1. Which one is nearest to residue A:337 (Cα to Cα), of the residues in segment A:375-421 that are open to solvent by less than 10 Å² (accessible area, probe 1.4 Å) and assigned to a strand (DSSP E or B)?
2. Taking segment A:165-193, which residues are open to solvent by less than 10 Å² (accessible area, probe 1.4 Å) and not aliphatic (A, V, I, L, M)?
3. Kindly indicate whether any position in segment A:308-318 is assigned by TED's automatic domain parsing to the domain that holds residue A:386 and assigned to a loop (DSSP other than H, G, I, E, B).
4. For segment A:10-18, check the following and say yes or no: at least one residue is away from chain B (no Cβ under 12 Å), within 29 Å of residue A:241 (Cα to Cα) and touching a Phe, Trp or Tyr at 6+ places or on another chain (Cβ under 6 Å).
5. Tell me which of these residue B:143 doesn't satisfy, since it passes every other one: (1) outside the structural domain of residue B:186 (by TED's automatic domain parsing); (2) in contact with a Cys (Cβ under 9 Å, 6 or more places away or on another chain).
6. Restrict the check to segment A:339-362 and report whether at least one residue is without any contact (Cβ under 8 Å) to a residue 12 or more places away in the chain, open to solvent by 10 Å² or more (accessible area, probe 1.4 Å) and either over 27 Å from residue B:241 (Cα atoms) or more than 14 Å from chain B (Cβ to nearest Cβ) (or both).
7. Let me spell it out: the conditions are (1) over 25 Å from residue A:300 (Cβ atoms); (2) assigned to a helix (DSSP H, G or I); (3) of a type in the set (Val, Ile, Thr), and residue A:53 meets all of them except one. Which number is the exception?
8. Looking at A:79, A:83, which one is in contact (Cβ under 8 Å) with a residue 40 or more places away in the chain, of a type in the set (A, V, I, L, M, F, W, C) and facing chain B (nearest Cβ under 9 Å)?
Amino acid sequence: MSDTNKIPTINFKESAMELLPEGASFEACLTCGLCSSGCPASGIENMDPRKFIRMAMLGMDEELSTTPWVWCCTQCKRCQHVCPMNIDISQLIFLARGNWPLENKPSGIVRSCQLIRSTDSTSAMGLPPDDFIFVVDDVLEEVRETQPQFKAMEAPMDKKGAHFFVNQNSREPMNEPDEMVPLWKILDMVGADWTYGSKGWAAENFCMFSGDEEAWFEVIKTRVDSVNELGCNVWLNTECGHSYYTMWNAIDKFDLDVNFKLESLITYYAQWIREGKLPVNSDWNVNKIKFTVQDPCMIVRKAYGESIAEDMRYVVEKLVGEENFIDMQPNRSANYCCGGGGGFLQAGMTDHRRTYGKRKFDQIAATGAAYVLTPCHNCHSQMEDIGHFYGGNYGVVHFWTLICLSLGILGENERTYLGPDLLALLD
Amino acid sequence: MTEDARHFKTELAIIGSGIAGFAASIFALNRQLDCAQIGNTGAVAYTTGYLDLLGKTEDNEGAFKNTHDNPWDGLKQLRTTHANHPLSQIPQADIEEGFKQFTAFLGECGIAYTSPGVNNITALTPVGTLKKTLCLPATMAAGPKAFAAKKKCVIIDFKGLKGFSGRQVVANLIDQWPALSTQRVSFPEMLSGEIYPEVMARALEVPATRVKLAELLKTAAGEAKIIGLPAVLGMHSPDTVRTELERLAGLEIFEIPTMPPSVPGIRLREMFEQVFPQKGVTLIPQQKVTSLTFNDQGAQLSLADNYGPITIDTQAVILATGRFLSGGLEAHIEGIEEPLLGLPVTQPADRTSWYHEKYTGPTGHAIHKTGIEVDSSFRPLASDGTPFDERLFAAGIILAHQDWIRGRSGAGIAIATAYKAVEAVEKFLRA
């Protein structure tokens, strides 16, 4: 990101007029500053959302075209959420990112996008379909052998006509394959008719974060084709935030032909618990360990809104006990981005990312909770990192881990994210 | 892609998410009405937190120069001089009850307020001038008392915080409050760059930050036993934050409102957004209603959020869409319009008479009295002078014949008219 001379200059004001829906205008900005006041990226690189808009209106295009701040804004849309005039700044950030020459963009994001496009898996870690199939088979075989209760469990691959097409963040098959097992157990327990697709199974999509529209489209097209080819009814997004948003937003943006529904696993966790298919309870939490929940921007504020936030809380309260759940403030659609989104974790701007994450750290610290539950891998990694960095003493756990813990079916290799307090309950 | 449109059914739909809209939801809850509240983020985040009823009325020349220590006396006067002012339509007992229910609700939900009393409180503004208000947040209550008693007091401001200057506050008050002085401190762990009240308030929700700040405040207070801070004492639990900070610092502490974006408004908004859904209100606070239609069976609202289209079927509607800022009224070259239903708007005869030539003069501007007309049940009137629809009611500053800014009566109009509108809705629904 050193040679900024090569970055072409965008006419932001003109572009804004083209991007915005009819009736919307950046000129409606009252300069009240609610956006900047509520933005964790304010002050980084001497920039904030209000300043960005004002500079755009003043024609300071060169400064805006070259500011590295566009890689620190996670496009979480909280600025728009709190804006009385409903001004969407994130679209300008997307535009600015896309305008940076490839060699100037943060290499981590670029590389992730390249890897996604390197195989049919659409995996940001470049795991090819055959390797994914191998890992799934290998882990499944071991579980069948070592956990007799699950000796008949399946992890179907390319099963035509399955109800659910299930995606998976590459981090699991690549780095921690045992973390796939709790998900399989849950799907097995509720009797779900599901499949992975060897093509397009991966969740992540850094091409959107690189501002590369063509690449973004290509990735989504591969995934949509895979679900359509298998004839699945539902593309089920598992515990990953931006995978949902990139797919959902792109289908509309690129007008893709889609014969299935997009759903979040959180919705189904809640449904299966309500239906009694997942008989979780909080009896295990005898020491009244406190939990909070992180609402990922990508599935709450930017997509489903309050309904999924409610489902998340329903699930958490069933799992840990209502009295042991402490909500973060603010929360739901008003929640802060953790600072791991928008490719920030991959951008190599560690100091800035941690400055951004201080707000999240304060939120978590204020709850006093011992654990944060979140259905998003970027949130998960970022909250762990800022916890260590700022001296917090909380853990971060996936929903699937706690569900299996509550059900008494969490295998020994599936306990990576449990602290001593939770591990003690299992011994 | 297969996408399901969402559909809600309710007894009462409240359009607007300012003070009037939120007040209407509170009164509807208290009357056990099933309700939904919809509307783009209102100006509620801009409030100082003060709940004004009536601070000033007009003299014979139309200048807002009559200041009222007793707002109820002011209202009596208003009824004789401005019979069409919305507050002139409402009995004192109803206004009192509205304020009582509104502040009680806020208190139950974690933002304690002083009780509405007989007299106005002389309160401090962000720049150290004085204004009359009826109720204020408990976190601010000690300020006016310290001012009244002229106690030795230090106003604290923070390095990097724009829009609040201790020097300015002291300069404006020193003649009346000689024992006032100011000190600047650096907020813990925010040593460089611009900092915002919202960020400080959230940081003070963390116990460790309070401990660090308390030490700085002790030093800054010197011999004073009472200090004033910009409104940053917590976001979600301000009363706890203030009590804890007072305990740690061994000082009495009060808040002074700041310029927008200010904490007291964000506190209210975030509280409403959390509490209403828990209490059964269908709250869609970020979206504008795009159409509202009436038929024999009820009314239907249409809107869309990030996720897709939403429709709401309802038996009654309260229009609390505000004036220009929130889009309840729109000013066009040819005149002022109510955009959702095209209701007739009472307004100056022509555009040239919208504004008085003295922009900041005490007379104010004719455009600030524009609005819609209602009957005694707070039903908006059509151009023939009859109710637009028996299911439609209105509340708040969209109503004509009031200049809430110069009258220091914004919350009063919002709360009292919402109270009456909900009362009328209940009467209609239960008839």
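1. Once the filter is applied, the top-ranked residue is A:396.
2. Hits for segment A:165-193 are A:165, A:167, A:168, A:170, A:172, A:173, A:179, A:182, A:184, A:185.
3. Checked segment A:308-318: no residue is assigned by TED's automatic domain parsing to the domain that holds residue A:386 and assigned to a loop (DSSP other than H, G, I, E, B).
4. Yes - at least one qualifying residue is present in segment A:10-18.
5. If we test residue B:143 against (1) outside the structural domain of residue B:186 (by TED's automatic domain parsing); (2) in contact with a Cys (Cβ under 9 Å, 6 or more places away or on another chain), just (1) comes out false.
6. Yes, there is a match, as at least one residue in segment A:339-362 is without any contact (Cβ under 8 Å) to a residue 12 or more places away in the chain, open to solvent by 10 Å² or more (accessible area, probe 1.4 Å) and either over 27 Å from residue B:241 (Cα atoms) or more than 14 Å from chain B (Cβ to nearest Cβ) (or both).
7. (1)
8. None of the other options fit; the residue is A:83.
The values are calculated or read from the model by the stated rules, or taken from the named source; none is laboratory data. All of these numbers come straight from a predicted model, not from anything done at the bench. Methodologically, a virtual Cβ is constructed for each residue, glycine included, from the backbone with ideal geometry; neighbour enumeration extends over all protein chains shown. The area values use the complete protein model at the heavy-atom level, side chains included, leaving out ligands, DNA and RNA. Shrake-Rupley method; radii C 1.70, N 1.55, O 1.52, S 1.80 Å.
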